[in-house]
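Derivation of every value follows stated rules applied to the coordinates shown; laboratory data play no part. Because the structure is a prediction, the values reported are computed rather than measured. Positions of Cβ are generated from backbone atoms using ideal geometry, with glycine treated the same way; all protein chains shown enter the neighbour counts.
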């Protein structure tokens, strides 16, 4: 137990049991971004999968939206300590996007409009664990929340769910992304409270 | 790793915000713009933590100041603004964040834009500039609800007069001082164009405040020709309008 804060009782809720350690519940949807919000026109938008040298797959907005989409209801956890339960998204599963991609790469780097990047093990994007989401709460995804489309990897802290995503680069060696080079944890599992380097 | 800080000074900034000075014996040092996590623990072991920007300049004395705005329905902030007393010990973790920082070796013009309590990390930059003897030219555009909501008022005025930096522009959203030249209102494109460094000087811009404020201020900076890679942002609170 930590140092007792004299006179502090805190505010507990029934939802606490569903929260990872050190998180608090919010009904708002706060925003964490390192720079200005990019505004990406749908007729210019594309999503690519590449191997660092060659583009393997490419979709424009129409081709992307023609793919089968799913409704996803998940809890999301931000490293800045808020969690939001039961959020409803619509998106295309990464399993669908990777259906005919053959690779022995073990790592992935998600790339965004505005030059944000974040790295993950490729297996964390597979098997119904990750989506490219384009709707939130029955509305088109707002630019400040990553619209027109963002990566959604709800089992990791939300900085791994790259906003304004434009592609995924497959890698044989792990390369840290934006926050991962600025002191944040390389993997970011909220249930193991992997917030910062060394956690 | 959680460190223990002892509260050595408390100072009210406004009716709702308070600066807490902590002495942290094993503090590893920080950069202007970084933040800390502060953790409170109840007698039964329940704990709650929140992030707060550091207000003090980097120093070697293990002194860490935070300025906390008490949120009406907050869990941690009302304790920090109303209950904490001198001599109390608080747990903190940090310093955290390596992007929204100003380093003393930066010599380019610096544009700071604060909305409300978003002034806190920018104040650390202003103090760091002064403490290091830097001659980097700073400008601050500070948007607040009303004159009584300004943090660090006297210090900002003195620094702006004596050190000629930052150049200070206030923008009031609800109530202005008497005879103020502009009517109250949110900052707009023309005020940003007028008060901020011309983009030709390639300033680095730091914008901190509530999410809708940062969205619009960063947008105005972009519209004035500042490159996306020159605008660093820190947002807090919910998005406006819809949830």
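Between A:133, A:17, A:105, the GNM of chain A built on Cα springs shorter than 10 angstrom shows A:17 fluctuating the most. Does segment A:158-199 come out rounded, prolate or oblate, given a ≥ b ≥ c as the square roots of the eigenvalues of its C-alpha gyration tensor, rounded meaning a/c under 1.5 and, failing that, prolate meaning a/b above b/c? Note, shape of segment A:158-199 comes out prolate. Ordering A:163, B:230, A:18, A:44 from the fewest to the most neighbouring beta carbons within 10 Å gives A:44, A:18, B:230, A:163. For B:224, B:205, the sequence from fewest to most other C-beta atoms within 10 Å is B:224, B:205. A straight line joining the Cα centroids of segment B:183-243 and segment B:20-34 runs 28 Å. For chain B, with a Gaussian network of springs between Cα atoms less than 10 Å apart, report the residue from B:16, B:41, B:169 with the top mean-square fluctuation. In this elastic network of chain B, the residue with the biggest mean-square fluctuation among B:16, B:41, B:169 is B:41.
Assign one of three labels to segment B:1-155, namely rounded, prolate or oblate, based on the Cα gyration tensor with a ≥ b ≥ c the square roots of its eigenvalues; rounded applies when a/c is under 1.5, prolate when it is not and a/b is larger than b/c, and oblate otherwise. Judged from the Cα gyration tensor, segment B:1-155 comes out oblate (a/c at least 1.5, b/c at or above a/b). Between 0 and 90 degrees, the angle of helix B:153-162 with respect to the longest Cα principal axis of chain B falls at about 50 degrees. For the peptides A:53-62, B:81-90, B:46-55, B:126-135, the ranking by packing is B:46-55, B:126-135, B:81-90, A:53-62, with the highest mean count of neighbouring Cβ atoms within 10 Å listed first. Per residue of chain B, the DSSP helices (runs of n ≥ 4 H) give a summed -39500 (n - 2.57) that works out to -5500 deg cm²/dmol at 222 nm.
Can you tell me how chain A classifies by the Cα gyration tensor, rounded, prolate or oblate, using a/c under 1.5 as the rounded cut?
prolate
Put the Cα centre of segment A:100-128 next to the Cα centre of segment B:52-103 and the gap is 36 Å. By the beta-carbon count within 10 Å of each Cβ, the least crowded to most crowded order of A:102, A:160, fewest first, is A:102, A:160. Each residue, residue A:102 and residue A:41, gets one label point 7 Å from its Cα in the Cβ direction; the gap between the two is 3.9 nm. Over chain A, dividing the summed -39,500 (n - 2.57) contributions of all DSSP H runs of at least 4 residues by the number of residues returns a 222 nm mean residue ellipticity of -1000 deg cm²/dmol.
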